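Heads up, the thing below is written out as structure tokens.
The values are calculated or read from the model by the stated rules, or taken from the named source; none is laboratory data. Keep in mind the model is a prediction, meaning the values are calculated, not measured. Cβ: placed from backbone, ideal geometry, glycine included. Neighbour counts: every protein chain shown. Only protein heavy atoms, including side chains, enter the accessible area calculation; ligands, DNA and RNA are left aside. Shrake-Rupley method; radii C 1.70, N 1.55, O 1.52, S 1.80 Å.
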Amino acid sequence: QVQLVESGGGLVQAGGSLRLSCAASERTFSNYAMGWFRQAPGKEREFVAAISWPAGRTEYVDSVKGRFTISRDNAKNTVYLQMNILKPEDTAVYYCAARKYTIVTVTTSWAYWGQGTQVTVSS
């Protein structure tokens, strides 16, 4: 069974940094693109960033470009989201997701999801 477990969320002041981690089962990680999504209260879940397998290509939503960096450590079956210069509008539950091979930004095209981790940015 596919399992994705996020960690690293928390409360941070505007301008600060956080690093999210998502640990995946080995069976999940190989040949899977990995992504991060977020959902703020009252809003739909949105694409944030994704990285292809093994790590040749990344993609970001415009609002986080230059501030967030997605990376993966294939030896540890872990994907990371380094978030810098955080803003109050980044406040959301962040979800890790996986799908076979290619990156897409459509939420419904991702097959597997973690349980989410809360990120709160205070002004």
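Between TYR94, TYR112, TYR80, where does the largest GNM mean-square fluctuation fall for the chain, given springs only between Cα atoms within less than 10 Å? Highest fluctuation of the listed residues: TYR112. In this rough spin-label picture, where each label sits 7 Å from Cα along the Cβ direction, the THR107-SER17 distance is 2.9 nm. The mean accessible area for residues of the chain, using a 1.4 Å probe and ignoring ligands and nucleic acids, is 51 Å² per residue. In order along the stretch 17-23, phi translates into HN-Hα couplings of 9, 9, 10, 8, 10, 9, 8 Hz, rounded to whole numbers, per the Karplus curve 6.51 cos²θ - 1.76 cosθ + 1.60 with θ = phi - 60° and x for Gly and Pro. Among ILE85, ILE51, ILE70, the residue with the largest mean-square fluctuation in a Gaussian network model of the chain, with springs joining Cα atoms closer than 10 Å, is ILE85.
For the chain, state the semi-axes of the equivalent ellipsoid (square roots of 5 times the eigenvalues of the alpha-carbon gyration tensor), sorted largest first and rounded to whole angstrom.
Working: eigenvalues 100, 39, 37 Å².
In descending order, the three semi-axes are 22, 14, 14 Å.
For the chain, the share of accessible area belonging to carbon and sulfur comes to 48 percent (1.4 Å probe, ligands and nucleic acids excluded).
If exposed means no more than 11 neighbouring beta carbons inside 10 Å and the site is in a DSSP loop, what's the longest run of the chain without any exposed trypsin sites (Lys or Arg not before Pro)?
Excluding the exposed sites themselves, the longest stretch runs over 66-123.
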